[in-house]
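Asks: Attaching a single structure in structure tokens format; questions to follow.
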Amino acid sequence: RIGTAALAVQVVGSNWPKPHYTLLVTGLCRFQILQLLKEKPYPVAEVQQLDRLEQFTNGHKSEEELGELSEQFYKYAVQLVEMLDMSVPAVAKLRRLLDNLPREALPDILTSIIRTTNQEKLQILDAVRLEERFKMTIPLLVRQIEGLKLLQKTRKSKQDDDKRVVAIRPSRRISHGSITEDEEEEEDHDDVVMLEKKIRTSSMSEQALKVCLKEIKRLKKMPQSMPEYALTRNYLELMVELPWNKSTKDRLEIRAARIVLDNDHYAMEKLKKRVLEYLAVRQLKNNLKGPILCFVGPPGVGKTSVGRSIAKTLGREFHRIALGGVCDQSDIRGHRRTYVGSMPGRIINGLKTVGVNNPVFLLDEVDKLAKSLQGDPAAALLEVLDPEQNHSFTDHYLNVAFDLSQVLFIATANTTATIPPALLDRMEVIQVPGYTQEEKIEIAHRHLIPKQLELHGLTPQQIQIPQVTTLGIITRYTREAGVRALDRKLGAICRAVAVKVAEGQHKEAKPDRAEVGEEDCKEHVTEDAKPESISDTADLALPPEMPILIDFHALKDILGPPMYDMEVSERLNQPGVAIGLAWTPLGGEIMFVEASRMDGEGQLTLTGQLGEVMKESAHLAISWLRSNAKRYQLTNASGSFDLLDNTDIHLHFPAGAVTKDGPSAGVTIVTCLASLFSGRLVCSDVAMTGEITLRGLVLPVGGIKDKVLAAHRAGLKRIIIPQRNEKDLEEIAAHVRQDLTFVLAGCLDEVLNAAFDGGFAVKARLEHLNSKL
Ligand code: ADP
């Protein structure tokens, strides 16, 4: 409870890279704490001064005894100082101080200079009585003198060394308050020693060990306040933490892998089959050189979660590296350590996180890498993914090679179009198409609903979602290839039910409500709103019976009115509208094409953010129709076969805010314009896709599977596709094919025939004959 009062003379230091301050203080006197007044934010206490008071200097102590003691002390002190090298200014000053200072101040000063432990220093501090203080300090002095003598004996070159023993302690220590600083320094020093020990015992490569030892040598010589100190230390800590030789043991068994994959994911047969093949080869050949799997498909179809399952089957750690928007190659390969704030790249960071050198790394969204002035991250990835090179991958920050050959890389993307070709070349692309409605229902009931129930703390006894409701959510509240929005909607339902259940539990305390309700618990959520449930408080309706059944009314209550209408036919109730099929990275979509004509000078206006290719398709379509106008008896408003005579045409492609491009809208534009000029309606359940040529041929296009699924989702029945795309139909699930009629068209005549009820060309010819008669 005794401390030193001191005056802060100087404060130096900085907060960066870590707070580090040096305090210069002048000691004033001892004090004793009488009462602690408060501890936070800093201690405040009532204290009593203990020394430097007249009574102590003049003292009640018998002058003689003290005089004797102090004389003895003075002698030892002089003996000690004279053993040192007097040419050192600090020593000379000390010698002068011994003569000039009052004797009673000497014990304190000398204790702070000679080599003593903190414990001893504290004891001296506690010795309030001068006599006691002198008595305690003398043995310390003697010890120091003996030590010095011994040293002088063993070392011949004594003068240099003597200096070090004592004079190395700077004179600013002529104060009492350097205890904590001392400890901290010692602690830091200990840390560095520990770090060195860790480096030596870690299993890092020889090259890395060499670099580390060199760095630690530098670190030891560096003052802590230097920014580089923290940098070097972080670097060394990372090096120690990296899993140079640490790996998990693969436990691969194909049968078990099949079960895990099947349990975690419904459908996706092709993908699962390929993954199993991949794993089987791995089991037989026990080395990881092979193509990198790349799952390509719309969002929410389970690409990431398959990656996670693969890690699970192999018993490996899983780490996801999101590459979307990465435009700096140092994100992959790290910054050189010369930069302030430099850090390792994501690969090395990932390895540090998982702590083993053979994890499964999922490179998410490789198609969204971007280029910038800071270099091309795709090029850096090339090195990472190349099995020939990646055993010595060199991160700029580490600056030594790290072996990545045990890491299993899996990539995911929404489209292959934007993956740089060289990168694509390293990967084996596996397409993951969107799901059909039936598959989504199964996925919802097997995986999503149980998961959501668990997330919301509900049990199947509390909520029941029948399959028709799920179908309702899928068709009327979502329009997507994957199941993410569906998952969210199910989450919303669970939240709403959780409120009801929690309210019910609250009410259970009141037994009169427990019996109320019908046996078959339909429409509970809506029933709650009925006036029959006159409850004591207006907003807390009667507790629902379990399980709460989610039917269409409940859906509407929870999710609001349906967002999508199944009926597309309403939009096809006037001539000049046709449905096309488009492919986007988010899956297939149906797309309405609208056309109108007006008096004008033969202008064609196109709106809806079209790309060049699409504009060309529109021009092609008009040219083809103009050249075949007579054959189909198509006329403009004034009855002329020259369709653009005094007529302007406007083609629009909703949604106007989304950029569209590609040749596959060709047939849709032709059909739409044919409908406009003939005044006939296109069949409301037909969708089409196909590129056209000037001579009226229909050329094959891509993304048929996604497009067909989109048409199926939208409830369309007949799909016109190019003849040469027939082979793509095989990939489509049988039950989807059953619901649809496919028309394989080789030329535009066939397209038009299929798009209009009763055919187009034939009807036109009949009308033509009729008119002649
Ligand atoms: P992606 O990576 O393709 O965008 P995710 O892997 O993140 O999609 O999947 C989104 C969610 O959908 C996950 O919760 C996943 O479990 C679920 N999911 C997707 N497909 C399936 C499936 N076939 N079976 C079970 N769950 C699935």
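Asks: With the Cα gyration tensor of region 1-51 in hand, give its eigenvalues times 5 under a square root as the equivalent ellipsoid semi-axes, listed largest first in whole angstrom.
Replies: After scaling each eigenvalue by five and taking roots: 26, 16, 7 Å.
Asks: Once amide H atoms are placed 1.01 Å from N in the peptide plane, what residues at a sequence separation of 5 or more from residue 6, or on another chain, have their amide H within under 5 Å of its amide H?
Replies: 28
Asks: Let me ask something else. For region 67-149, what Kirkwood radius comes out of the mean inverse Cα-Cα distance, in Å?
Replies: 12.9 Å
Asks: Please list the three semi-axes, largest first and in whole Å, of the ellipsoid equivalent to region 278-331, using sqrt of 5 times the eigenvalues of its alpha carbon gyration tensor.
Replies: Equivalent ellipsoid of region 278-331: 24, 16, 12 Å, largest first.
Asks: Hey, can you grab everything whose amide H is under 5 Å from the amide H of residue 394? Only 5+ residues off in sequence or another chain; H modelled, so Pro and N-termini drop out.
Replies: 402
Asks: Which one, 21, 11, 37, projects farthest toward the positive side of the charge dipole computed for region 1-51 from Cβ point charges (K/R +1, D/E -1)?
Replies: Most positive-ward Cα: 21.
Asks: How large are Rg and Dmax for region 194-316 when only the alpha carbon atoms are used, in Å?
Replies: Looking at region 194-316, its Cα Rg and Dmax stand at 21.7, 63 Å.
Asks: Once R0 is set to 30 Å, what does the formula 1/(1 + (r/R0)^6) return for the Cβ-Cβ distance between residue 132 and residue 78, expressed as a FRET efficiency to the nearest 0.05?
Replies: Once the sixth-power term is evaluated, E becomes 0.85.
Asks: Taking the mean number of other Cβ atoms within 10 Å as a proxy for protection, how do you rank 43-52, 196-205 from highest to lowest?
Replies: Answer by packing, highest mean first, reads 196-205, 43-52.
Asks: Residue by residue, what Karplus-based ³J(HN,Hα) values in Hz, rounded to whole numbers, does region 242-253 have, using 6.51, -1.76 and 1.60 with θ = phi - 60° and x for Gly and Pro?
Replies: 4, x, 4, 10, 9, 9, 8, 8, 5, 10, 9, 9
Asks: On a full-extension model of 0.36 nm per residue, what is the gain between residue 553 and residue 391, subtracting their alpha-carbon distance, rounded to one decimal in nm?
Replies: Contour length minus the Cα-Cα distance gives 52.3 nm.
Asks: Can you give the alpha-carbon Rg of region 426-494 over 2.2 N^0.38 Å, where N counts its residues?
Replies: The reported ratio for this selection is 1.23.
Asks: So what are the ³J(HN,Hα) numbers for region 19-30, from phi and the Karplus equation (6.51, -1.76, 1.60; θ = phi - 60°), rounded to whole Hz, Gly and Pro as x?
Replies: Each residue of region 19-30 in turn: x, 8, 10, 10, 10, 9, 10, 10, x, 10, 6, 7 Hz.
Asks: Taking all protein chains in place and a 1.4 Å probe, what share, in percent, of the accessible surface of region 372-464 do carbon and sulfur account for?
Replies: Of all accessible area on region 372-464, carbon and sulfur atoms account for 51 percent.
Asks: May I ask you to evaluate 6.51 cos²θ - 1.76 cosθ + 1.60, the Karplus curve with θ = phi - 60°, for each residue of region 269-285 and list the ³J(HN,Hα) values in order in whole Hz, giving x for glycine and proline?
Replies: 4, 4, 5, 5, 4, 5, 5, 5, 4, 4, 5, 4, 4, 4, 5, 6, 9
Asks: Just how large is the dipole of region 1-51 about the Cα centre, in debye to the nearest 20, putting +1 at every Lys and Arg Cβ and -1 at every Asp and Glu Cβ?
Replies: 160 debye
Asks: Taking the Cα centre of region 567-755 as origin, work out the dipole magnitude from +1 charges on Lys and Arg Cβ and -1 charges on Asp and Glu Cβ, in debye rounded to 20.
Replies: About 320 debye.
Asks: What FRET efficiency comes out for the pair residue 200/residue 71, r = Cβ-Cβ distance, R0 = 45 Å, nearest 0.05?
Replies: 0.25
Asks: So if the hydrodynamic radius of region 581-648 is defined as the Kirkwood radius over C-alpha pairs, what does Stokes-Einstein give as its diffusion coefficient at 25 °C and 0.890 mPa s, in µm² per second?
Replies: The Stokes-Einstein estimate is 180 µm²/s.
Asks: Also, I was wondering about something else. Pull up all non-local amide H partners of residue 85: gap of 5 or more, or a different chain, and H-to-H distance under 5 Å with H placed in the peptide plane.
Replies: 163
Asks: Okay, next question. With a 1.4 Å probe and every protein chain left in place, work out the accessible area per residue of region 67-149 in Å², rounded to a whole number.
Replies: Accessible surface, normalised per residue, equals 47 Å².
Asks: Hey, another quick one. How large are Rg and Dmax for region 567-755 when calculated on the C-alpha trace, in angstrom?
Replies: Rg and Dmax of region 567-755, Cα atoms, are 15.6, 50 Å.
Asks: Measuring from centroid to centroid over Cα atoms, what is the spacing of region 646-710 and region 387-458 in Å?
Replies: When both Cα centres are located, 35 Å separates them.
Asks: Right, here's the next one. Arrange the peptides 631-639, 145-153, 433-441, 590-598 so that the one whose residues have, on average, the most other Cβ atoms within 10 Å appears first.
Replies: Top to bottom by mean Cβ count within 10 Å: 433-441, 590-598, 631-639, 145-153.
The values are calculated or read from the model by the stated rules, or taken from the named source; none is laboratory data. Just so it is clear, the structure is predicted and the values come from calculations on it, not from any experiment. For neighbour counting, all protein chains shown are included, and Cβ atoms are generated from backbone atoms with ideal geometry for every residue, glycine included. Note: areas computed on protein heavy atoms with side chains; ligands, DNA, RNA excluded. Shrake-Rupley method; radii C 1.70, N 1.55, O 1.52, S 1.80 Å.
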